[in-house]
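The values are calculated or read from the model by the stated rules, or taken from the named source; none is laboratory data. Remember, predicted model here, so these are calculated numbers, not experimental data. Reconstructed Cβ throughout: ideal geometry from the backbone, glycine too, with neighbour counts over all protein chains shown.
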C-alpha cells in the first residue's frame with residue numbers, strides 16, 4: 001500500500017517534470033535551431049517567423065495527442081466496432097442495430113432515457129431558478145445556497161446509498177427506518193418498496209439526480225439573475241408590475257440564454273447516467289437506461305463489444321444536436337471578441 | 001430598495017427557503033447520524049428518533065437445561081437477558097400471543113410448573129422443583145428500552161473488515177495524479193489557443209468545444225482494446241494506475257483547455273505585449289506571467305477534476321478493474337450495496353467515508369468551484 005502511494009507520487013512528480021522538460025526543452029531546441037537574437041535583420045525576422053509558426057504546435061502537441069488517442073480515435077473505432085461481431089473481428093453490417101431495435105430491454109432503456117430527459121433537466125433547472133430567485137432576497141441566502149449546492153460534491157454512488165436509505169422498505173407493521181415510508185405510514189398509508197415499482201421507480205431514481213444537479217443550476221442562474229440590468233426591473237415596478245410578473249415577464253426572458261446552457265448541460269449528464277441506476281436497481285424492475293445497458297453488454301453480457309459499441313453510438317447520436325449547438329454558440333462568441 | 005423585501009410575503013420566502021434547505025440537507029444528515037448510531041438501534045428505528053430512548057421487542061433464549069444448578073433442593077437457571085448491554089426491561093412474557101404479559105420483577109408461572117422471574121436490569125431466574133429436561137432453553141419475549149447509543153464502531157468495522165481503508169488509498173492514488181497531470185498539458189495548449197496566432201486555431205477551438213460533450217461511453221470499448229493490445233506488446237498488465245491516470249487526463253482535457261483558454265483570453269493584452277517588447281519569449285511569458293495570473297482558473301479546474309476522478313465509478317472499474325485490491329471507494333460501495341444490502345450500519349459508514357473528502361474539498365474551496373462553473377457555462381453560452 002505504501003509502495004503504491006510512493007509509486008503514485010513518483011509518477012506524478014515524473015509527469016510534472018516530464019511535461020516541464022518537454023515544454024522547456026522543445027522551446028530551447030527551437031530557439032537553438034532558429035536563433036533570432038544577434039542575427040542580421042533578414043535572418044532574424046525569417047527565423048522569428050519560423051519559430052512563431054512552429055511553437056504553437058509544440059505547446060499543443062501533448063494535448064492534441066491525448067485528445068486524439070482518448071476521444072477522437074475512440075469515436076471512430078466505436079463506429080467500426082458497432083458493425084462488427086462480439087469480438088470485433090467479422091463484419092456483420094447493421095445486424096447489431098437490427099438486434100437493438102427488436103430488443104425489449106433496449107426499447108425499455110430508450111423509453112426510460114426519454115423520461116429522464118423530459119423530467120430531470122426541467123425540474124433541476126426550474127428548482128435552480130426558483131431557489132436562485134428566493135435566496136437572492138434573504139440575508140442568509142448564501143448559507144442556504146451552499147447547503148443546496150453541497151450534493152454536487154457527492155458521488156452518484158454515495159448519493160445512491162443516501163437515497164436508498166430514504167427509500168428503505170420494511171413490511172407493513174414493522175417500524176420503518178426509511179424516511180419516505182415512515183412519512184407515508186405516519187399519514188396512514190401503506191409502506192411501499194419504492195424502487196421496485198415499475199415505471200414509478202424511474203422517478204425515484206430521477207429525484208437523486210435532480211437533488212444533485214439543482215445546486216449547479218442555482219449557482220449559474222443566480223449569477224445570471226444578478227447580471228440583469230437594474231433599470232429594467234425598476235421600470236417594471238414603476239409600471240405597477242407585481243412580483244410574479246417581474247420574475248416571469250421581465251427577468252426570465254432576459255436570461256433565456258443561460259437557462260438553455262444549464263438545460264443542455266444537465267441533458268448531456270442525463271444521457272450518460274449510469275452510476276445511479278447501477279447502484280439502485282441495476283436496471284431491474286424496468287428501470288434500465290442506455291449507459292447501464294451498454295455496460296451490461298460490455299462486461300456482464302459475456303463481453304459483446306459489437307452490441308456495446310452500437311449502444312454507445314446511439315448515446316453519441318443523441319448528444320450530437322447539443323454538440324452542434326454548442327459549437328455554433330462558441331463560434332458566435334469568438335466572432336464577437 | 002425592493003418593495004417586496006418589506007412585505008409580509010418575506011415570511012413566505014424565508015419559510016420556503018428553509019423547507020428547501022431541509023429537503024436538500026436531511027438526506028445527508030440522516031446518513032451521517034445513522035453511521036454513528038449503534039447498529040442494533042439503527043436496524044429497528046429511524047435516524048430521526050436517534051436521540052430518544054428506543055423501545056424494542058425482542059425474543060431471547062435463556063440458556064438450556066444443561067446449565068441448571070441445584071440449590072436448596074430446587075433446580076435453577078439464571079443469567080442476564082440483556083447480556084450486559086445497557087437498557088431496561090419493562091415487560092416480558094413466554095408466549096408469542098402475550099409477549100408483554102408480565103411486568104419486570106414479576107414472576108411468571110410457566111406451563112410445566114417452572115417459575116420465571118425477570119428483573120428490570122435483565123437478570124432472570126428459572127426455578128423448578130424437579131430437574132429440568134430438554135435440550136433447548138426457554139424462549140422469553142422482552143420489551144426493552146435502551147438509551148440512545150452513539151459509537152464509532154461502525155467506522156472501525158468498515159475500515160478494518162470491509163477493506164474500505166484499502167480502497168481509500170486506491171481512490172487517492174487515482175485522483176491526485178489524474179488531477180495534476182492534465183493541468184500541465186492543458187495550460188500550455190490553452191495559452192497557444194488564446195494568444196498564439198496560427199492557421200487552424202478557430203477550428204481547433206471548435207473541436208475542443210465539440211469534444212466537451214462526447215460521451216465517455218464512446219471511448220470505453222476502443223480504449224479497452226487498445227490497452228489490451230499495448231499490454232500484450234509491452235508485456236505489462238492492461239489495467240494499471242498509469243493507464244487510468246492517462247485515461248482521466250484524456251477525458252478531462254477538453255474542459256481543462258476550454259476553461260483555461262476562456263480565462264487566459266480575458267487577460268489584458270498589454271501585459272504580454274510589454275513583456276514581448278522587453279525581449280521575453282513565449283515560453284517566458286507563459287511561465288512567468290500567464291501561469292501565475294491564471295491561478296484562479298487552474299484552481300477551479302483542479303477542483304472539478306479532483307471531484308470527478310474521486311467520484312468516478314465507470315472509468316475506474318473499466319480501466320483499473322474490479323478485483324478486491326484495485327477497487328476504488330465508489331466501486332467498493334457498489335459491491336457493498338449488493339453483498340451487505342441490509343446492513344445499514346456498514347453502508348452508511350462506508351458511504352460517509354467515500355463522501356467526506358469531496359465534502360471537505362467542496363466546503364474549503366467552494367469559491368473557486370463557483371467561479372469555474374460560471375466561466376465554463378455563462379461565457380460558453
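Scanning the range B:291-324 for residues that are in contact with a helix residue (DSSP H, G or I) (Cβ under 7 Å, 6 or more places away or on another chain), surrounded by fewer than 19 Cβ atoms within 10 Å (Cβ to Cβ) and part of a loop (DSSP other than H, G, I, E, B) gives a single hit, B:322. Residue B:349 meets the conditions (1) surrounded by 19 or more Cβ atoms within 10 Å (Cβ to Cβ); (2) facing chain A (nearest Cβ under 10 Å); (3) at pLDDT 90 or above in every case but one. The failed one is (2). Number of residues in the range B:148-186 that are buried (at least 24 other Cβ atoms within 10 Å of the Cβ) and free of Cβ contacts under 8 Å to residues at least 40 places away in the same chain: the value is 0. Would you confirm, using the coordinates I've provided, whether residue A:213 is outside any helix (DSSP H, G or I), within 12 Å of another protein chain (Cβ to nearest Cβ), touching a helix residue (DSSP H, G or I) at 6+ places or on another chain (Cβ under 6 Å) and within 30 Å of residue B:350 (Cβ to Cβ)? No: the conditions fail for residue A:213. When you check residue A:200 against the structure, is it more than 10 Å from chain B (Cβ to nearest Cβ), at pLDDT 90 or above and more than 25 Å from residue A:150 (Cα to Cα), yes or no? Yes: the conditions hold for residue A:200. Residue B:288 satisfies every condition listed in (1) assigned to a helix (DSSP H, G or I); (2) under 29 Å from residue A:320 (Cβ atoms); (3) free of Cβ contacts under 8 Å to residues at least 60 places away in the same chain except (2). The residue of the range A:96-111 that is surrounded by the most Cβ atoms within 10 Å (Cβ to Cβ), among those that are free of Cβ contacts under 8 Å to residues at least 12 places away in the same chain and part of a helix (DSSP H, G or I), is A:111.
For the range A:32-45, which residues satisfy the criterion of being on the phi < 0 side of the Ramachandran plot and without any contact (Cβ under 8 Å) to a residue 12 or more places away in the chain? I'd like the intermediate steps shown before the answer.
Initial filter on the range A:32-45 (on the phi < 0 side of the Ramachandran plot): A:32-37, A:39-45.
Hits for the range A:32-45 are A:32, A:33, A:37, A:39, A:40, A:41, A:42, A:43, A:44, A:45.
Of the listed requirements (1) within 12 Å of chain B (Cβ to nearest Cβ); (2) more than 30 Å from the chain's Cα centre (by Cα); (3) over 26 Å from residue B:253 (Cα atoms), residue A:51 misses just one: (3). As a summary of the residue check, residue A:93 satisfies the conditions (1) outside any helix (DSSP H, G or I); (2) within 13 Å of chain B (Cβ to nearest Cβ) except for the one numbered (2). Just one of (1) in a helix (DSSP H, G or I); (2) more than 10 Å from every other protein chain (Cβ to nearest Cβ); (3) in contact (Cβ under 8 Å) with a residue 12 or more places away in the chain fails for residue A:148. It is (2).
So in the range A:279-298, with the set limited to residues that are at the interface with another protein chain (Cβ under 9 Å from one of its Cβ atoms) and free of Cβ contacts under 8 Å to residues at least 24 places away in the same chain, which one is farthest from residue A:205 (Cα to Cα)? Applying the filter and picking the extreme gives A:298. When the range A:36-48 is filtered for residues that are surrounded by fewer than 17 Cβ atoms within 10 Å (Cβ to Cβ) and under 13 Å from residue B:281 (Cα atoms), the ones remaining, listed by number, are A:37, A:48. Residues considered: A:61, A:158. Of these, the only one that is at pLDDT 90 or above, surrounded by fewer than 22 Cβ atoms within 10 Å (Cβ to Cβ) and farther than 20 Å from residue B:215 by Cβ is A:61.
Pick from B:359, B:327, B:337, B:333: which is in the same structural domain as residue B:247 (by TED's automatic domain parsing) and either part of a loop (DSSP other than H, G, I, E, B) or closer than 30 Å to residue B:266 by Cα (or both)?
On the way: B:359 fails: either part of a loop (DSSP other than H, G, I, E, B) or closer than 30 Å to residue B:266 by Cα (or both); B:337 fails: either part of a loop (DSSP other than H, G, I, E, B) or closer than 30 Å to residue B:266 by Cα (or both); B:333 fails: either part of a loop (DSSP other than H, G, I, E, B) or closer than 30 Å to residue B:266 by Cα (or both).
From the options B:359, B:327, B:337, B:333, the qualifying one is B:327.
Scanning the range B:20-51 for residues that are facing chain A (nearest Cβ under 7 Å), more than 13 Å from the chain's Cα centre (by Cα) and over 16 Å from residue A:175 (Cβ atoms) yields a total of 4. Among the residues making up the range B:115-145, those that are crowded, with 18+ Cβ neighbours inside 10 Å and in contact with a helix residue (DSSP H, G or I) (Cβ under 8 Å, 6 or more places away or on another chain) are B:132, B:137. Could you tell me whether the range B:210-229 includes any residue that is surrounded by 24 or more Cβ atoms within 10 Å (Cβ to Cβ) and more than 7 Å from chain A (Cβ to nearest Cβ)? No, because not a single residue in the range B:210-229 is surrounded by 24 or more Cβ atoms within 10 Å (Cβ to Cβ) and more than 7 Å from chain A (Cβ to nearest Cβ).
If you scan the range A:173-195, which residues turn out to be surrounded by 12 or more Cβ atoms within 10 Å (Cβ to Cβ) and more than 13 Å from every other protein chain (Cβ to nearest Cβ)? Let's see the steps before the verdict.
Quick first cut of the range A:173-195, residues surrounded by 12 or more Cβ atoms within 10 Å (Cβ to Cβ) only: A:174-185, A:191-195.
Matches in the range A:173-195: A:192, A:194.
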